[in-house]
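The values are calculated or read from the model by the stated rules, or taken from the named source; none is laboratory data. Small disclaimer: the values here were computed from a predicted structure and weren't measured. Here Cβ is always computed from backbone atoms with ideal geometry, including for glycine, and neighbour counts include all displayed protein chains.
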Amino acid sequence: MAISKRVVLHFPSRMVEQPIIYRLVKDYNLVLNILKASVTPKEEGIMVLELSGARADYDGGIRYLQEAGVKIQSLGQDIMRNDARCTHCGACVVICPTGALALDPKSRMVDFNEDKCTACELCVLACPPRAMEVYF
Amino acid sequence: MIKTIAEINEKIGKGQAVVVNAEEVIGLVAKKGVARAAREVDVVTTGTFGPMCSSGAYFNLGHSRPRIKVGGGRAYLNDVPVYPGLAAVDIFLGATAIPDDDPRNRIHPGPFNYGGGHVIEELVAGKDVRLVVSAYGTDCYPRKRLETWINIKDLNEAVLFNVRNAYQNYNVAVNLSDKTIYTYMGVLKPKLGNANYCSAGQLSPLLNDPYYKTIGIGTRLFLGGGMGYIAWHGTQHNPDALRSADGVPRRGAGTLAVIGDLKQMSPRWLVGTSMLGYGSTLTVGIGVPIPILSEEILRYTAVKDEDIFAAIVDYSGSYPQMSPDVVGEVSYGELKSGRISLKGKQVPTASLSSYSRAVEIANTLKDWIVKGEFLLTEPVAPLPGVEEGITFKPLKERPIEE
Ligand code: SF4
Ligand code: SF4
């Protein structure tokens, strides 16, 4: 049975340089889509991944990660921006009630501030290229 | 000071052309004055990246074995109906076409998640697309049914052909009613909840050449990430729209019909787009180079957002009812500040056209020209100008008597 799940991985700083992701693909046959990654040397790395593959491989991959010391969190409902689709038009800035989506007057790009986002979803259908995505 | 396009092309060929974008030229003119800037600058590049519904593409599929005649039959790409009324294997796909079973606005506002614009984006991205054809069968084209994957690289021709793009100025949309409305200008909240505009303003191609003195039929341009051409004036081209003293239109005025090889384009610059409650469309990137042939032409390219005005139109009343009333006028300078004051209210503004991506287009075009990869073309005929006295006509309805 195939399965596809979104997870947040927290890497302790000592692991940032290890080829963890490579092992997931190579040893567990998982297809992965990196939704977000921020890995700074000397700090904890965070990566939001969509993992798909056979159920057994998925479970094996998760066990491997846990054993390697990666903290795994499954993603609660969350709004994320697919930066590859966002055209920075600005249509969302008048829709978002919390100011999480706001136009930077200098760069004329739209910044998404997740800390201000309440996941109200108003932007999801209002965004013309559908760049705002809901994750469970 | 008079330059010719041939002279500018010679400089481009030698890698000596001086190119600036339509935003940079503003500062340059402020610093050096028109005369000096006109001597120094050879080309000003423009750009715009917004939803443009009158876009589409035509394809030649190649003949199947045995042959099938799509003409007069029905054809679909990823369930989106295409126009089959041409010859045997030529089809036209419009940006606003949607699958027959799309729920549309049955539950209002419909999401319009997928349509012709999205198919164009996927084709350009190199994805396989499902072609389904049903035909009536003839002696020379016997096949009646065809279902196959197709890919843009295997098609004989894939041509983007947009009958109206790059509007020279556009309405600012507001909603005076007391309920939210869903329009092609985006979601408009009640009682002047927001004001949406859709123009790159000072970077927009036709606002930098308001009387079409350099932009004409045959002008080569940036289209969807590749190179294209102006094929004709766009539909609804209306040069006689109200203009400011400096010649810049204050209403929707000129438009362009553009054409180019889809195979060279990129999904970054052709984005399938969904307007909630309205329909599907395509966001198109266009950039036109303006050769600085005279001081007058340079002066036009130095136009600033503060000096470009647009009409504010009520999309809950006068727009759908085709009444000419406007709520007011506002400059792009004010619109881009994020707020305009209207009827005693501070109204937040939003754009549907991406200014940062318009800058990227103008800079890409600049790059191509500086590197000698893009030469300017001499227009083969001008676009119809103010002197033609074109009037933009409404439909004249005449009852059909049985
Ligand atoms: S409406 Fe969508 S595409 Fe436009 S700026 Fe907002 S998130 Fe980006
Ligand atoms: S989900 Fe709501 S709060 Fe979050 S960005 Fe979208 S509109 Fe703003």
Query raised in the report: So residue A:42 clears everything in (1) at pLDDT 80 or above; (2) at positive phi except one condition, right? Which one?
Result: (1)
Requested in this report: Output the residue which, of all residues in the range A:108-136 that are away from ligand 2 (no atom under 12 Å from the Cβ) and at pLDDT 95 or above, is surrounded by the fewest Cβ atoms within 10 Å (Cβ to Cβ).
Outcome: A:109
**Report entry** Verdict on residue A:96 being more than 9 Å from ligand 1 (Cβ to nearest atom), surrounded by 18 or more Cβ atoms within 10 Å (Cβ to Cβ) and within 29 Å of residue B:273 (Cα to Cα)
**Finding:** no
Report summary line: Those strands (runs of 3 or more DSSP E) completely within the range B:286-402 that have 3 or more residues that are among the β-branched types (Val, Ile, Thr) and either more than 16 Å from ligand 2 (Cβ to nearest atom) or within 14 Å of chain A (Cβ to nearest Cβ) (or both) are none
**Report entry** Single condition residue A:70 does not satisfy, out of (1) within 14 Å of chain B (Cβ to nearest Cβ); (2) away from ligand 2 (no atom under 15 Å from the Cβ)
**Finding:** (1)
Query - Any chance residue A:90 is surrounded by 14 or more Cβ atoms within 10 Å (Cβ to Cβ), on the phi > 0 side of the Ramachandran plot and either near ligand 2 (Cβ under 7 Å from one of its atoms) or of a type in the set (Gly, Ala, Ser) (or both) - result: yes
Report summary line: Note on the range B:223-273: residues under 25 Å from residue B:312 (Cβ atoms) and in a strand (DSSP E or B) are B:243, B:249, B:256, B:273
Report summary line: Here the qualifying pairs (Cβ atoms under 8 Å; residues six or more apart or on different chains; first in the range B:11-35 and over 21 Å from residue B:372 (Cβ atoms); second at pLDDT below 95 and among the aliphatic types (A, V, I, L, M)) come out as B:35/B:1
Report task. Could you tell me which numbered condition residue B:163 fails, if it satisfies all but one of (1) farther than 16 Å from residue B:353 by Cα; (2) of a type in the set (Val, Ile, Thr); (3) touching a Ser or Thr at 6+ places or on another chain (Cβ under 7 Å); (4) within 14 Å of chain A (Cβ to nearest Cβ)? Result -> (4)
Query - Within the range B:111-143, tally of residues that are within 14 Å of chain A (Cβ to nearest Cβ) and either surrounded by fewer than 20 Cβ atoms within 10 Å (Cβ to Cβ) or of a type in the set (Asp, Glu) (or both) - result: 6
**Report entry** Pair list, Cβ under 6 Å, 6 or more apart: the range B:176-200 residue over 30 Å from residue B:287 (Cα atoms), other residue surrounded by 23 or more Cβ atoms within 10 Å (Cβ to Cβ)
**Finding:** B:181/B:175; B:181/B:188; B:190/B:175; B:192/B:174
Query raised in the report: Take the residues of the range A:103-136 that are of a type in the set (Val, Ile, Thr) and within 14 Å of another protein chain (Cβ to nearest Cβ): which is nearest to ligand 1 (Cβ to nearest atom)?
Result: A:110
Report task. Determine whether residue A:79 is away from ligand 1 (no atom under 16 Å from the Cβ), in contact (Cβ under 8 Å) with a residue 12 or more places away in the chain and either under 22 Å from residue B:274 (Cβ atoms) or surrounded by 12 or more Cβ atoms within 10 Å (Cβ to Cβ) (or both). Result -> no
Query raised in the report: Does the range B:310-326 contain at least one residue that is within 20 Å of the chain's Cα centre (by Cα) and surrounded by fewer than 22 Cβ atoms within 10 Å (Cβ to Cβ)?
Result: yes
Query raised in the report: Which ones in the range B:277-291 are over 18 Å from residue A:83 (Cβ atoms) and surrounded by 24 or more Cβ atoms within 10 Å (Cβ to Cβ)?
Result: B:280, B:281, B:282, B:284, B:286, B:287, B:288, B:289, B:290, B:291
Query raised in the report: Here is a list of conditions, (1) more than 14 Å from chain B (Cβ to nearest Cβ); (2) over 30 Å from residue B:23 (Cβ atoms), and residue A:100 meets all of them except one; can you say which number that is?
Result: (2)
